[in-house]
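The values are calculated or read from the model by the stated rules, or taken from the named source; none is laboratory data. Treat the numbers as computed from the prediction; the structure is a model and nothing was measured. Please note: Cβ atoms are built from the backbone with ideal geometry, for glycine as well, and neighbour counts cover all protein chains shown. To get the accessible areas, we keep the full protein, side chains included, count just its heavy atoms, and leave off ligands, DNA and RNA. Shrake-Rupley method; radii C 1.70, N 1.55, O 1.52, S 1.80 Å.
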Amino acid sequence: MPVSQPTNIRITTFIVLTFLTLTTSTLATSADIEEPKYALLDTLDEIEIRRYGPTIQAYTSMDNGGFRNLAGYIFGGNSGSEEIAMTAPVATSIGDGDAQMAFTLPSAWTMENLPSPDDADVRLREMPAFTAAVITFSGWAKRGAYTKQLEQLSRVLQKQGITTLGEPILNQYDPPWTLPFMRRNEVMVAIEWPLTLPEES
């Protein structure tokens, strides 16, 4: 898997931390925050192979005031003036293309009952089920840490002959007051699975 270098990762991390500060300040504990469910299929070294079900995401470009627009949507900037609960993680694409920030909407919502964003820069999308390779790390998700984890993920997938699909995603779960050693971050990339091995001659 070719390693994609981070794009504005320092700014992205700051925006995500601000996002998590605002959206978790009214919640009692992190256990109250819904996370996407998955099935653990396999473990390759420290890499987890996970199968996620279909979800719905709200997303926006990082180049167009990403945090402001996305936060505005969940705090009532929508056709129903409804507040939508925050989920974890905040997901940011940090590949070669247009960087995007997204989060998975609570499972109680559907495309039929979700209010439309007031801001044209915020969009909704249905995410089909997919399989991903994920590496988890603690500390601050800065450029060096992200790159190190992505390179390790790449080495394991290349060794196993696993084909990646799309750009890697940086997932951040914790508000900024969480101590570095207790923080949970992930680098995730969709993959082709199950692995098809060549037939023996």
*asked:* I need a count of the residues in the stretch 57-70 that are small (Gly, Ala, Ser) and assigned to a loop (DSSP other than H, G, I, E, B).
replied: 1
*asked:* Considering only residues that are out of contact with any strand residue (DSSP E or B) (no Cβ under 8 Å at 6 or more places or on another chain) and open to solvent by 40 Å² or more (accessible area, probe 1.4 Å), which ones fall in the stretch 38-70?
replied: 45, 63, 64, 68
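State yes or no: is residue 147 under 16 Å from residue 188 (Cβ atoms), outside any loop (DSSP other than H, G, I, E, B), in contact (Cβ under 8 Å) with a residue 24 or more places away in the chain and open to solvent by 20 Å² or more (accessible area, probe 1.4 Å)?
Yes; evaluated as a whole, the condition is true for this residue.
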*asked:* Among the numbered criteria (1) at pLDDT below 95; (2) surrounded by fewer than 17 Cβ atoms within 10 Å (Cβ to Cβ); (3) not basic (Lys, Arg), which one does residue 158 miss?
replied: (1)
